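Take a look at the structure set out below.
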Amino acid sequence: MSKVYLASDTRLDNKTVAIKIMTSYSGNNNQALVKRFNREVKVISSLRSHNIVQVTDFGLTPPEKPFMSSPFYVMEYFQGKTLGEVLQESPFLSVNRTIRIMLQVCTGLKEAHNKGIIHRDLKPDNIFLVAGGVFGEEAKILDFGIAKVVETEEKQQTQMTQHGSFIGTYRYASPEQCKGIPTIDRQTDIYSLGIILYEMLSGKNPYNSDVDRTTQGEWIACHIRAEAQRLSTYEECKDVPDSLKQITMKCLKKSPAERFQSIEELTQALKEVNPSLF
């Protein structure tokens, strides 16, 4: 749907920024695409958290080529790596680093959830890690482009997304997303966090799937019906506290009612794993 470019803001002393431009601004569905893009800007710009990317400007590109009046927005530029890139270099992380990163993600999500916004596409590639902060490493949530505003759910569902259609990344999607249930809530983000937690601790996905060969249909079947492999079966998790294993598995419950019911509840459980970190 879009591309992100490195740029300089000439009105702010050539400050380095990132510009996201909608590149799929053609075809028969222009209006729907523009509405979705503009909604992304409004969603992100309404969130105020050190753990969420901040938007500084938005508008339309000039009418000339190559972008022909395409919508864009400007956001702060980060130097660092996504969690996905970090996990490619080091398949699993230490318990303490995992907790610190996850707590920061929870802080960003708390801001979003309190405003009725669900991310719906949490994955390691949408968590950016930069040097700094209290823990020496700051986590930033990226890409609220498919976030769902709970308060206007029915209206948005009608105007922006066809009933029963899937939006997200199958590998990290909740069972309710995979079923095409339109009334998903905050627990869908908690399920995705469970998969991310699982991968950070073990270097594996909960269903022992070959991530390069598993089809969308197979991922759907895993999320809806398959039981997650216990973390205790992996040698990599021998030093992971039982309490953290239990937290991860609770996030991965098939029924939203059996998961943590809020980000605050998950945050408190994570802090209790090792109180000396804080």
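Could you list, in sequence order, all residues of segment 204-248 that are surrounded by 16 or more Cβ atoms within 10 Å (Cβ to Cβ) and either assigned to a helix (DSSP H, G or I) or touching a strand residue (DSSP E or B) at 6+ places or on another chain (Cβ under 8 Å) (or both)?
Listed by number, the residues that qualify are W219, I220, C222, H223, L231, C237, L244, K245, I247, T248.
Every residue in segment 115-137 that is in a loop (DSSP other than H, G, I, E, B) and touching a residue at least 24 places away in the same chain (Cβ under 8 Å), please. Break it down stepwise before answering.
Here is the first cut: in segment 115-137, the residues in a loop (DSSP other than H, G, I, E, B) are 115-116, 119-123, 132-136.
Hits for segment 115-137 are K115, G116, H119, R120, D121, L122, K123, G133, F135.
On the given criteria, is L33 at pLDDT below 85, crowded, with 18+ Cβ neighbours inside 10 Å and over 17 Å from the mean Cα position of the chain (by Cα)? Full working, then the answer.
Details: at pLDDT below 85: yes; crowded, with 18+ Cβ neighbours inside 10 Å: yes; over 17 Å from the mean Cα position of the chain (by Cα): yes.
So L33 passes the test.
Which residue pairs have Cβ atoms under 8 Å apart, sit 6 or more places apart or on different chains, and have a first residue in segment 73-84 that is polar (S, T, N, Q) and a second that is crowded, with 17+ Cβ neighbours inside 10 Å and in a strand (DSSP E or B)?
Listed by first residue and then by second, the contacts come to T82/I127; T82/F128; T82/L129.
Condition check ((1) in contact (Cβ under 8 Å) with a residue 40 or more places away in the chain; (2) in a strand (DSSP E or B); (3) over 30 Å from L244 (Cα atoms); (4) outside the structural domain of A139 (by TED's automatic domain parsing)) across all residues:
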residue	(1), (2), (3), (4)
A7	yes, yes, yes, yes
V41	no, no, yes, yes
D57	yes, yes, yes, yes
L103	yes, no, no, no
T107	yes, no, no, no
H113	yes, no, no, no
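Can you tell me how many residues in segment 54-96 are farther than 15 Å from A7 by Cα, within 21 Å of the chain's Cα centre (by Cα) and hydrophobic (A, V, I, L, M, F, W, C)?
Number satisfying all stated conditions: 6.
Working only within segment 253-275, note down all residues that are within 14 Å of P241 (Cα to Cα), of a type outside the set (D, E, K, R) and in a helix (DSSP H, G or I).
Hits for segment 253-275 are A269, L270, V273, P275.
Quick check on this structure: which one of I127, I118, I52, I99 is of a type in the set (A, V, I, L, M, F, W, C), in the same structural domain as Y234 (by TED's automatic domain parsing) and modelled with pLDDT under 95?
Of I127, I118, I52, I99, the one residue that is of a type in the set (A, V, I, L, M, F, W, C), in the same structural domain as Y234 (by TED's automatic domain parsing) and modelled with pLDDT under 95 is I118.
The values are calculated or read from the model by the stated rules, or taken from the named source; none is laboratory data. Keep in mind that this is a model prediction, so the values were computed, not measured. With ideal geometry, Cβ positions are generated from the backbone for all residues, glycine too; neighbour counts draw on all protein chains shown.
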